[in-house]
Amino acid sequence: MDESTLVRHAMNGDAAAWEPLVLAHQEAVFRLSYLLLGDPDDAEDIAQETFLRAWNYLKRFDPARPLRPWLLSIASNLASNRRRSAGRYLAALTRAFRNEPITSVNVEQKSAQHMEASDLWKAVQTLSLPDQQIIYLRYFLELSVTETAQSLGVAEGTVKSRLSRALNRLRGIIQQDFPVLAEGHEGRKV
Amino acid sequence: MTELQQELFEKQLVSIAKGMEYPRTPNIAGTVMKRLHPSAPLRFVSRRFAWSLTVILILFTSLMLIPPARAAILEFIQIGIVRIFRAEPTPVAPPQQEFPSTMIPVTATPSSAPLIPILERLAGERSLEIAQHLVDYTILIPSYPPDLGPPDRVFVQDADGNMTILIWVDPEDPSQVLMSLHLIPPGSWAVDKMEPARIQETTVNSRRAIWAVGPYPVRFSNGNMDFVRLIDGHVLIWTDDEITFRLETELTMEEAVRVAESLEPINQ
């Protein structure tokens, strides 16, 4: 049974049809939430809330469209709201004050590839939230321009122009603050 | 940045981002489905209580019917999660009972009682595609006999592990089950077969298999409860990759083995 058929069943209240859809998209939703929040527990909360909200608002969804961008847009909005909450703001300030990385993973134990990815993530985290969202969707989750536009609710042309500006800013940050990443591990210069 | 530089930069970003370490994705689907049905645990408790009462009655009745000599079980054979108990041959007087539960192990018995009403009360009916999404093992279906086709009914039941039950209905008598195949993952309920009329060892794809001929009571149990059902069909039991298969059919053993050896993933 294809996705649009499952969505139609779910729109008619068939929760059994919703379960395989959650299974199919839970990883992408969780990962985007994790990228935006940097905390697995928060990411799990947001991912659950995403699928519950999507279920409640499913009548508004066009089943002819792919589900993933819509789910990611809900997750992105929920994660943004969570970031703006006072508690997370203070937590972020505390982390910044201690100059600790946003995750508790021991960087020294990571392979070079993982270190590069971790450095890139840290560089992206210094950007504005809209820049982060578009970069995570396009390059971390590897959505197409069309899917990214659907997730953000903007035109494809807008995605391209926003990406161009976000990439310029990211490149500047990498060159200034992440010289190792700019030089590149394993010969991959950014 | 020129267009070419941007394109190169984008490719490098994708390449580096592939190395991102994410925490393991939690079971969001399970939690979401539970939250969509907040009253489910309460229903489960009450259903479990009802089962327990029924099981107590059934076991009590069974004990009253079984002569003392039959309690002397000599040995049992274990294959997968299934244990087959053998005992001194004595007349079988198993209980005849209806199960009020919606979770009744379906059997392909040549009983005169139509089985379809039981199927209508069986929980967890799914399409084959959705069933495959719900279980973490590959659902296999027989490609023999060639005209068998996909199962007519598919059920996924939580038996401390998602057990899949595939049902083929007799085309000449749709009120009867022609064949059923249970795919039981590890950790599921134990299945005890009590004193089948005949047991024979055979192989399925060179692996040990057991052919049991009814009638005999079969007991499904876990740590909390168990219940008994009379089987008078034939059952082929074998394991493959930690999954225990039970094929219930009226075919001969040789034909049942051919069916078992013809299993293929559902999309082939």
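Counting Lys and Arg as +1 and Asp and Glu as -1, each charge on the Cβ, what is the dipole of segment A:110-190 about the Cα centre in debye, to the nearest 20?
Value, rounded to 20: 180 debye.
Net charge around residue B:7, counting only other residues with Cβ within less than 14 Å of its Cβ (Lys, Arg = +1; Asp, Glu = -1)?
+2
For every other residue with a beta carbon closer than 10 angstrom to the beta carbon of residue B:23, add +1 if it is Lys or Arg and -1 if Asp or Glu, then tell me the sum.
Around residue B:23, the charge tally is -2.
All of the numbers you see were taken from the coordinates with simple rules; none came from a lab. Being a predicted model, the structure only gives us computed values, none of them experimental. Please note: Cβ atoms are built from the backbone with ideal geometry, for glycine as well, and neighbour counts cover all protein chains shown.
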